[in-house]
Every structure is written in C-alpha cells, then in structure tokens.
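The values are calculated or read from the model by the stated rules, or taken from the named source; none is laboratory data. It should be emphasised that the depicted structure is a prediction, and the values quoted were computed from it without experimental measurement. Reconstructed Cβ throughout: ideal geometry from the backbone, glycine too, with neighbour counts over all protein chains shown. Side chains included, ligands, DNA and RNA excluded: accessible areas come from the protein's heavy atoms. Shrake-Rupley method; radii C 1.70, N 1.55, O 1.52, S 1.80 Å.
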Amino acid sequence: MTNLKKTDVLQTNDPFLEQKKNELLVAVYDNHYEAFEKIYKDILKHAQSKSEFSENTEKLLNQIQTLFKKFKPALLKNCTPSIKETNNRLKDLILFSIKKLSRNIIHINFNTWETNLDLSHQQKELLYKTAMTFQLTSGCSNYCRRCNEWALPGVRSHFSHHAVLKILKQMADQGNDEISLYGASDPLDWEENEKTISDIIDYLDTLKLEYSLLTKVPKTKESLLKTLLKKHSNLSVSITSKNKARIKKIEQDFENPISKQHDLEELLIPAGLDEDFVTINPSITDGYGVEVTPDGAFIIIPTFTSALHPFGHKKIQVTSKTNFFPIKKTGRKALLVDYFKPIEGYDLKQKRYYLDYLLDVQIESIILDNGEYELTPPGMRSLKEYLFIFEEKPRIQRKKMTLSVLKRLKRQFVLTTGFKKLSARNKELYLKKIKAHLNFCKKANCRSLKLFAISFFLESISNYVLKNPIKTKMMQFLLKDEKKLVFKTLTKKISHASPEDLLISPDIDSFYIFRFYIFSLMNKSNDTNANDTNNSAILKFIKAYPSVYDPVADIFTHH
Ligand code: SF4
C-alpha cells in the first residue's frame, strides 16, 4: 500500500441542481427571500432548457419542490406573488416529464449504456468489481414515500434483458462476489416482454455471484413474488404500514414464512418526501461502492441524512476522469469503516492505496456528528467514541490485551511460514503493527496521538470552510442549537488555555472542546475578534501538530 500525494481524486463539483438546492436553503434559512426568488427562477430556466429529465435531475427537482412545500408559508408571505407562478411552472414541467417518460417506457441496451459512460477498459473493470447495487429500473410503480433514494413515481425505463445479463456477467468476471438488486426502484418492477426478475434470478444461479433482493411487492406483482418464493430466491420483503396486511395474506396462502425486513414500528421511517431540511438523521445507506443504474454509475459514500445530503449518501458520478474506486464494503463491513479516516481504494491499475486526505463528504460528516447516540447505528463508531480510545480507561484495557493482540498478529503473519520466511514487506508490516500496539499502550503516546488526530480533522475542516461557504452556512444552521450551547458553556473556560492543554485535560470532555473549535472555524467568514483569537490559536495548534494518517498502524501521526 502506498500513499499518494494530495490530488483532486473524487473531489468533483456538485451537480448544478445540487448547488442550487443548497443555495435555496441558505437563502431561506437566512430569510433572504429576494435571493430565494432569483435562485428559484434560475432553476426554472435550467429545467426549461431540458427536453427531458434524467433520473437524478428529477430527483433533485423533487427535493427542491419538497423544500418549497416545507417553507411555503414563509415563502408566500415574503416573496413577490410571482414565486407561486414560478413554482407552478416547475411543477408542471416535472409532471409533463413524468407523463412523457412513463407513457413510453424504454429498454436501455448494453452498448448505449456503456457508450454513454465513456469509460476506459480499466475503469469499467473497476466499476464492475466494486459495484454493490444494481438498479434494474428507473422509477418505481410502488412509490411508497418510504424511500431514502427519492425514487421517482412510475416506471420510466429498464435495462434490457441482454444488458442485465451482460452487466451481471462482467461483475462475476471481475471477481465481484455479491450484488444487491435494488436501488431507487423495486426489483419486481423489472420486465421485458415475457421476461421478469425470475429469469434474471435463473441466470444468476449459473454465476459465481451472490445476490440479494429487497422488495415492497408492488400490487400487481404478487404472483411473481410467489414464483420467486417457490424457487427459494434470496429475497426479503420490506414491510411498511401499507403492505403489511397484504404480505401477511400472501404468507398465509403460501404456508411458509417470508423473510422480512424493517418489520418494526420504529423502523417505519418516514424518509424521502418527508425530509424536513432542518434536522440531522442517521444514514440509511449501508455500503461503500458503486451503484449501477440506467442513468449511469455512481460511487456511493454514506453520510448523515440531512438537508445537505437528503439521500443519506453522496453520489459521485463515475466519468472518464474517475481514477479512484473505493474498496467495496457493504453491511457489517461498511459499519466498521471509520467514516472520519481517509478511504482505501484502487487506482486504475487496481493497486490498493489510501487517500491521504478526507473527501468533502467525510468532513461534512465530522462537522454534522454532534455526538448524539441516535445518529450512529449500533456497530458504527462515532467521532466521540473514537476520541475516547485515547483516554486512560481504554489505554489500560489495551495494555491488558497485549498478549492476545500479539497472538493474533502472529497467527495472521507468521503461523504458516515462520518469521524468517516472511517477505521483507510482510516482515515490516508485522513489526510495525506490533510497535503500533505497544506505542498505543503508553500514556504519553496516547496524548500526542490524540492531538495529531484532532489536528488532522481541524486542518481538514479549516480548508473545507474556505472552499465551501454555502455548505458551511447550511451546516451552521443545522447545528445552531448545539453551537449556542457549546459557546455558552465553554467560551470562558477556553479563552485562557491552549488547545494542547484543553484537549488532554482530564477535567473536560475533549469532544466538546473539539466541537467548540469546529464552530470557531466555521465562523471564519463572519469573524468577530473573539473568533479571530480562537482561530489563530487553532491554526497555531494545527501547525504545531502536522498530521498524516498511517493506515498500517491505523493512527494519525506526525507528518
Ligand atoms: S422504498 Fe422501494 S418501493 Fe418504496 S419508493 Fe423506494 S424503491 Fe419504490
């Protein structure tokens, strides 16, 4: 594994409508209704210039319409009367596009899809290797409003049968071992002439590629569900308050239990169209990897669900410029990823390496992670929990576990070959891992490693806020209550002490000091003298602890 120099890998500009959605929100958060109206008109103009909308364009337009609905009373009161007209025209354009596309459902063939992607051979191999979801259809007949994917109402297009088989085969050929057949559509919606998802499952049974299928069982697809159940397909039914009774009936007819998901009151999450644009919620995305859709392919990075990322993840379009593909991690493996550490992926020659910086979406997650227990699902580590590992109690526990850590490393590296026969690289790795553990058991080291970790995060945030004023303002709004509380509680305590002393002080939880510094950095644009003093202390601290992520030792350390 090698670290590359800082580049712009995966740091592409946000799509136009995503930028506009963010600008609209900042305008409404700040009560700048004139600005809101102007941006809304720009959006209408943009929509009018398109002959039809791609799936993601329509999803973003839907988010924009939903935010209009959410803030409608204030907008109608404070904007000119023409805002209503602008909104109606946008609504009509979307309705027109829905009607046009759903009346003429097309099947996308493989060559057209691949040509549109415009990828090299190496890029395609990586796309198929790291694909985690395969969305066979664009649009959803079920449209259950319970969709974090913001699925579009009504089926618009499908991959052709031939395209589906070809894409699955390419995935299997690239050693991809599992694919989820869902996304912003219900897999039971897929069809071409007489063929259904059942034919695709038959083909999958001939490949070395496991699949999973999650369905809400669209109303006309009940007999298809029975066919799939009869052939023991690997499917689960996602239960909502709407389909619960229907599924119970099918289960009784079928006389065998059906595998179900989300069948809990607390999991009947109102998502998608119920986004409120003012709160921060957990991510519902459970994987890092590529999403394949009729509209193209996207690298998915999970993040908290909020106005900034209503999907609960960031979609980065795979284009001819993409030269880094994150290692695919799904389910439990994805939960174990520390979202605040640089990502591991493949370069175009399929060599694995770690980025040496955080992606913008990861920095946003750090900023939004307010330490609330509910924000991180069980199994996922929050930043607050991460900072705790440098404290005395976990350090002593680590020290006690030294023997079993050494045994585990021995099993992993030398049990079969013996130390002498290890390759030079593995010898180095083995020794480095032992050293890293022993270092991490020493009190003084724990303190300095904690400072390096925090310095890395603060430096990332400091650079981010300079480049992203709109998104920073959005997060300031989303976190305004927490910020008020943190400033009120800590301003006095913090003003006379250095970050080094505060961050290792046993008397204050360093997570809250860290939050204080985040808010200070975010205030850069609307500086006051007090902020200025705090920020120069933070910048001095970042300089004193130049930091880099060491993936072998899995720590942040001196650069
Ligand atoms: S959750 Fe599934 S069934 Fe519901 S709208 Fe989204 S894709 Fe369709």
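Expressed in nm to one decimal, what extension gain is obtained for the pair K400 and R447 from 0.36 nm per residue of sequence separation less their Cα-Cα distance?
Extra length from K400 to R447 when fully extended: 15.1 nm.
Apply the Karplus curve 6.51 cos²θ - 1.76 cosθ + 1.60, θ = phi - 60°, to the phi angles in segment 407-416 and return the couplings in whole Hz, x for Gly and Pro.
5, 5, 5, 5, 4, 5, 9, 10, 4, 7
Might you report the magnitude of the Cβ-based charge dipole of segment 16-103 about its Cα centre, with Lys and Arg at +1 and Asp and Glu at -1, to the nearest 20 debye?
Rounded to the nearest 20 debye, it is 360 debye.
Would you mind computing, in nm to one decimal, how far apart the modelled labels at E372 and E385 are, each placed 7 Å from Cα along Cα→Cβ?
A separation of 1.8 nm, rounded to one decimal place.
For segment 105-364, I need the span (max minus min coordinate) of the C-alpha atoms along each principal axis, in Å, sorted largest to smallest.
Taking the Cα atoms of segment 105-364, the three principal extents are 56, 43, 31 Å.
Report the semi-axes of the equivalent ellipsoid for segment 1-159 in whole Å, largest first, where each axis is √(5λ) for an eigenvalue λ of the Cα gyration tensor.
Semi-axes (√(5λ), whole Å): 33, 23, 14.
From the phi of every residue in segment 474-487, what ³J(HN,Hα) in whole Hz does the Karplus formula 6.51 cos²θ - 1.76 cosθ + 1.60 yield, where θ is phi - 60° and glycine or proline is x?
Taking θ as phi minus 60°, the curve returns 4, 5, 4, 5, 4, 9, 4, 5, 5, 4, 4, 5, 5, 5 Hz for segment 474-487.
List the residues, sorted by chain then number, that are 5 or more residues from E178 or on another chain and whose placed amide H is less than 5 Å from its amide H.
Under 5 Å from the amide H of E178: E210.
Under 18 Å from a point placed 7 Å out from the Cα of S498 along the Cα-to-Cβ direction: which residues of segment 535-559 have their backbone N that close?
535-547, 558-559
What spacing in nm lies between the two simple spin-label points modelled at K407 and Q11, each 7 Å away from Cα in the Cβ direction?
4.5 nm
Per DSSP H run of n ≥ 4, the term is -39500 (n - 2.57); total these for the chain, divide by its residue number, and report the mean residue ellipticity at 222 nm rounded to 500 deg cm²/dmol.
Calculated from helices alone, the mean residue ellipticity at 222 nm is -15500 deg cm²/dmol.
How much length is gained on full extension from Q19 to F487, taking 0.36 nm per residue of separation minus their Cα-Cα distance?
Numbers: separation 468, 0.36 × 468 = 168.48 nm, distance 2.98 nm.
Roughly 165.5 nm would be gained on extension.
For the charge dipole of the chain, defined by +1 on Lys and Arg C-beta atoms and -1 on Asp and Glu C-beta atoms about the Cα centroid, which residue among G312, L368, F541 has the Cα displaced farthest towards the positive pole?
F541
Viscosity 1.002 mPa s, temperature 20 °C: what is the translational diffusion coefficient of segment 16-103 from Stokes-Einstein with a Kirkwood Rh over Cα pairs, rounded to a whole number of µm²/s?
164 µm²/s
For segment 448-526 and segment 217-259, what is the separation of their Cα centres, given in Å?
Between the Cα centres of segment 448-526 and segment 217-259 lies a distance of 50 Å.
Over the Cα atoms of the chain, what Rg and Dmax result, in angstrom?
Radius of gyration, then largest Cα-Cα span, for the chain: 25.4, 80 Å.
Name the residue from M522, P499, L207 whose Cα lies farthest towards the positive end of the charge dipole of the chain, charges +1 on Cβ of Lys and Arg and -1 on Cβ of Asp and Glu.
P499
Can you give the Rg to Rh ratio of segment 393-558, both from alpha-carbon atoms, with Rh computed by the Kirkwood formula?
1.10
So what are the ³J(HN,Hα) numbers for segment 37-53, from phi and the Karplus equation (6.51, -1.76, 1.60; θ = phi - 60°), rounded to whole Hz, Gly and Pro as x?
Listing the rounded values in order: 4, 5, 5, 4, 5, 4, 5, 4, 4, 4, 5, 5, 7, 9, 6, 8, 9 Hz.
What does the extension gain come out to for K230 and K260, with contour length at 0.36 nm per residue minus their alpha carbon separation? Working shown, then result.
Numbers: separation 30, 0.36 × 30 = 10.80 nm, distance 1.60 nm.
Between K230 and K260, full extension yields an extra 9.2 nm.
Could you point to the residue in S423, T12, S241 farthest towards the positive end of the chain's charge dipole, with +1 and -1 charges on the Cβ of Lys/Arg and Asp/Glu respectively?
Going by the Cα projections, it comes out as S423.
How much accessible area per residue does segment 393-558 have, counting only protein heavy atoms and a probe of 1.4 Å, in square angstrom?
Accessible area per residue: 56 Å².
So if I place +1 on the C-beta of Lys and Arg and -1 on the C-beta of Asp and Glu, and nothing else carries charge, what would the dipole magnitude of the chain be about its Cα centre? I want it in debye, nearest 20.
Value, rounded to 20: 1600 debye.
What nm value, rounded to one decimal, do you get for the distance between K195 and K219 when each label is placed 7 Å out toward the C-beta?
In this crude spin-label approximation the distance works out to 2.9 nm.
Sequence-distant or interchain residues sharing an amide H contact under 5 Å with I108, placed H: which?
Close amide H contacts, sequence-distant or interchain: H158, F159, S160.
Residues with beta-carbon under 13 Å from that of I504, excluding I504: net charge, scoring Lys, Arg +1 and Asp, Glu -1?
-2
Averaged per residue, what accessible surface does segment 16-103 expose to a 1.4 Å probe, in Å²?
51 Å²
Once ligands and nucleic acids are excluded and a 1.4 Å probe is used, how much of E482 is accessible, expressed in Å² to the nearest 10?
40 Å²
Which cross-chain or sequence-distant (5 or more) residues have an amide H under 5 Å from the amide H of G312, H modelled 1.01 Å from N in plane?
Amide H to amide H, under 5 Å and 5 or more residues apart or across chains, G312 pairs with S306.
Using a 1.4 Å probe and counting only protein heavy atoms, arrange V278, V465 so the residue with the most accessible area comes first.
In descending accessible area the options line up as V278, V465.
Under a point-charge model restricted to the Cβ atoms of Lys and Arg (+1) and Asp and Glu (-1), what is the dipole moment magnitude of segment 393-558 relative to its Cα centre, in debye to the nearest 20?
Values: 33 positive and 12 negative charges, 235 e Å.
Result for segment 393-558 is approximately 1120 debye, rounded to the nearest 20.
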